[in-house]
1. Output the qualifying pairs, or none if there are none: Cβ atoms under 8 angstrom, residues six or more apart or on different chains, first residue in segment 57-68 and within 14 Å of G88 (Cα to Cα), second residue part of a strand (DSSP E or B) and of a type in the set (K, R).
2. Answer yes or no: is there a residue in segment 101-117 that is under 30 Å from C27 (Cβ atoms), modelled with pLDDT of 50 or more and polar (S, T, N, Q).
Amino acid sequence: MRRCVTLLVIILTAGVSAALQIQCYQCEDVRQDDCSAPEFIVNCTVNVQDMCQKEVLVMEDGIHYRKSCASSGACLIASSGYQQFCTGKLNSVCITCCNTPLCNGPRHKRRALSRASALPALAPAAPLLASIQLFLWTCAH
């Protein structure tokens, strides 16, 4: 049993550590342009900043953007705290959090997700899932 627990810790640590660095867009107080060009891409701090944050402020002189890496706790607290101020009107402040690479970039038109297009998104998880299946089989026998 001890061998199974050790093996599970190794598998999960390998899978989690590979998935904890994310890239986000980062800029401070940019007007009009939503700073989604390649020069604004940064690597977030591994195992600390696991989300991308986007702030959209509607001011008299136009729309201002702030984008950055963030820890999930700080980002979720900030976004929920400003939810009442996210009106889209003058002096509006909207803070959103997301956890996929470059997700704080430009908004894309939504399209229907077909089964075929959903499969590539699962590909990075396949080795971890195979390792977990092997672990379960090994410990059961």
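1. L57/R66; G62/R31; I63/R31; H64/R31; Y65/R31; Y65/K54
2. Within segment 101-117, one or more residues are under 30 Å from C27 (Cβ atoms), modelled with pLDDT of 50 or more and polar (S, T, N, Q).
Let's see how each residue does on (1) among the hydrophobic types (A, V, I, L, M, F, W, C); (2) within 15 Å of G105 (Cβ to Cβ); (3) in a helix (DSSP H, G or I):
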residue	(1), (2), (3)
Q21	no, no, no
C24	yes, yes, no
E39	no, yes, yes
V46	yes, no, no
E55	no, yes, no
K67	no, yes, no
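Residues checked against (1) out of contact with any Asp or Glu (no Cβ under 7 Å at 6 or more places or on another chain); (2) under 18 Å from R31 (Cβ atoms); (3) surrounded by fewer than 13 Cβ atoms within 10 Å (Cβ to Cβ):
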{"position": "G62", "(1), (2), (3)": "yes, yes, yes"}
{"position": "S71", "(1), (2), (3)": "no, no, no"}
{"position": "I77", "(1), (2), (3)": "yes, no, no"}
{"position": "Y82", "(1), (2), (3)": "yes, no, no"}
{"position": "N91", "(1), (2), (3)": "yes, yes, yes"}
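The values are calculated or read from the model by the stated rules, or taken from the named source; none is laboratory data. From a predicted model like this one, the values you see are computed outputs, not experimental measurements. We place every Cβ from the backbone using ideal geometry, glycine too, and count neighbours over all the protein chains shown.
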